[in-house]
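Chemist: Input: one structure, supplied below.
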Amino acid sequence: MNARRPAPPPPEPLAPLVDAHTHLDACGATDAGSVAEMVDRAAGVGVGRVVTVADDLAAARWAVAAAHWDDRVYAAVALHPTRANALDDAARAELEKLAADPRVVAVGETGLDYYWPGKLDGCADIETQIEGFRWHIDLAKRIGKPLMIHNREADHDLLTVLLDEGAPETVIFHCFSSDANMALSCVAEGYILSFSGTASFKNAHELREAVKVVPDDQLLVETDAPYLTPHPYRGAPNEPYCLPYTVRSVAELRAQDPVELAEISTANARRVYGLTA
């Protein structure tokens, strides 16, 4: 993301939509007023609800607070796999309390990231990540909420851990970025695949093939804002209001009408997250 690039213009409205995974704090929201402004921008183009996701404890506290400030916002809480080395007893106790909040609709983002170890200072090693992932799986099962997965270059091990631990009833692969074979493996297990702006990138050939094989009832859409801004605004700051760009790209790949896909993905988000409003 290049902060010097201007923000994308608002897309043509497309409704109804739910941004299944975003980071309002990383987009610049700090308080109830700035959250409302950001969600108002999204609502103006049809994105009526968002799930703001934590990657550390401070972000988890903030996400839960944001979900109480604005009834269009829901939260997901966990420690990102690269931060699994911070999952001590105190962190586990606080995450359990936060995850039980009624405004929290998923445990995430958790999973495995094999890209950053050795490149990022302080990154959890693979063994620590696996241990942390197992704990989050158990938490999701104990509280009866979906598990939201971050997977980077760890397809085989991630599926193995899920099989070994026994997956929760609902598993969401956020920002799915693997190939069609991995997509079919996930679909066969009943997992939900969420697609972000990366599906619009013309060089993401394997991912774009994967988009085509996911059944309608196992698909979500997301921004992962402020990252992964969709084509043709790649590298510019992302926000939930940009979601219609991604949905239109995904619909084109799937030979679907964008309005139909918006309705399908929103119905899925309501079911998966238990949204009542």
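The values are calculated or read from the model by the stated rules, or taken from the named source; none is laboratory data. These figures come from a predicted structure and were not determined experimentally. Glycine also receives a Cβ, built like all others from the backbone with ideal geometry; neighbour counts cover every protein chain displayed. Remember, those area values only see protein heavy atoms, side chains included, never the ligands or the DNA or RNA. Shrake-Rupley method; radii C 1.70, N 1.55, O 1.52, S 1.80 Å.
Chemist: What single numbered condition from (1) open to solvent by less than 30 Å² (accessible area, probe 1.4 Å); (2) of a type in the set (A, V, I, L, M); (3) touching a residue at least 24 places away in the same chain (Cβ under 8 Å) fails to hold for A251?
Modeler: Answer for A251: the failing condition is (3).
Chemist: Quick check: is even one residue across region 1-20 open to solvent by 50 Å² or more (accessible area, probe 1.4 Å) and of a type in the set (V, I, T)?
Modeler: From region 1-20, those open to solvent by 50 Å² or more (accessible area, probe 1.4 Å) are 1-7, 9-10, 12-13, 15-16; that's our starting set.
If we keep only those that are of a type in the set (V, I, T) as well, we get none.
Looking through region 1-20, none of the residues is open to solvent by 50 Å² or more (accessible area, probe 1.4 Å) and of a type in the set (V, I, T).
Chemist: Now for a different question. From the list T223, T246, T276, pick out the single residue that is assigned to a loop (DSSP other than H, G, I, E, B) and surrounded by 24 or more Cβ atoms within 10 Å (Cβ to Cβ).
Modeler: Result: T223 is the single residue among T223, T246, T276 that is assigned to a loop (DSSP other than H, G, I, E, B) and surrounded by 24 or more Cβ atoms within 10 Å (Cβ to Cβ).
Chemist: Here's another thing I want to ask about it. From the residues in region 55-71 that are of a type in the set (D, E, K, R) and touching a residue at least 40 places away in the same chain (Cβ under 8 Å), which one is surrounded by the fewest Cβ atoms within 10 Å (Cβ to Cβ)? Quick ask: steps written out before the conclusion?
Modeler: Let us first name the residues in region 55-71 that are of a type in the set (D, E, K, R), namely 55-56, 61, 70-71.
Filter again for touching a residue at least 40 places away in the same chain (Cβ under 8 Å), leaving 55, 71.
Values: D55: 23, D71: 11.
Within region 55-71, the match that is surrounded by the fewest Cβ atoms within 10 Å (Cβ to Cβ) is D71.
Chemist: Of all residues in region 83-105, which are more than 25 Å from E127 (Cβ to Cβ) and among the aliphatic types (A, V, I, L, M)?
Modeler: Our first condition is that a residue be more than 25 Å from E127 (Cβ to Cβ); within region 83-105, this holds for 97-98, 100-105.
The answer is L98, A100, V104, V105.
Chemist: Suppose we filter D257, D216 for residues that are within 17 Å of T170 (Cα to Cα) and either open to solvent by less than 40 Å² (accessible area, probe 1.4 Å) or over 14 Å from the mean Cα position of the chain (by Cα) (or both); which single one remains? It would help to see each step written out before you state the result.
Modeler: Details: D257 fails: within 17 Å of T170 (Cα to Cα).
Criteria check complete, one pass: D216.
Chemist: More than 30 Å from D257 (Cβ to Cβ), modelled with pLDDT of 95 or more and in contact with a Lys or Arg (Cβ under 7 Å, 6 or more places away or on another chain) - does that describe any residue in region 41-61?
Modeler: yes
Chemist: Something else about it: Name the one entry in D55, D25 that is part of a loop (DSSP other than H, G, I, E, B), in contact with a His (Cβ under 7 Å, 6 or more places away or on another chain) and not aliphatic (A, V, I, L, M). Quick ask: steps written out before the conclusion?
Modeler: Working: D25 fails: in contact with a His (Cβ under 7 Å, 6 or more places away or on another chain).
Answer to the selection: D55.
Chemist: For region 118-210, give me every one of the helices (runs of 4 or more DSSP H) that falls completely inside it and has 2 or more residues that are on the phi > 0 side of the Ramachandran plot.
Modeler: none
Chemist: Can you tell me which residue among E109, E127, E131, E165 is surrounded by 24 or more Cβ atoms within 10 Å (Cβ to Cβ) and charged (D, E, K, R)?
Modeler: Numbers: E127 fails: surrounded by 24 or more Cβ atoms within 10 Å (Cβ to Cβ); E131 fails: surrounded by 24 or more Cβ atoms within 10 Å (Cβ to Cβ); E165 fails: surrounded by 24 or more Cβ atoms within 10 Å (Cβ to Cβ).
Within the list E109, E127, E131, E165, the selection yields E109.
Chemist: I'm trying to understand the selection: among the residues of region 160-190, which are in contact (Cβ under 8 Å) with a residue 40 or more places away in the chain and over 23 Å from D19 (Cα atoms)?
Modeler: Residue satisfying the conditions is V161 alone.
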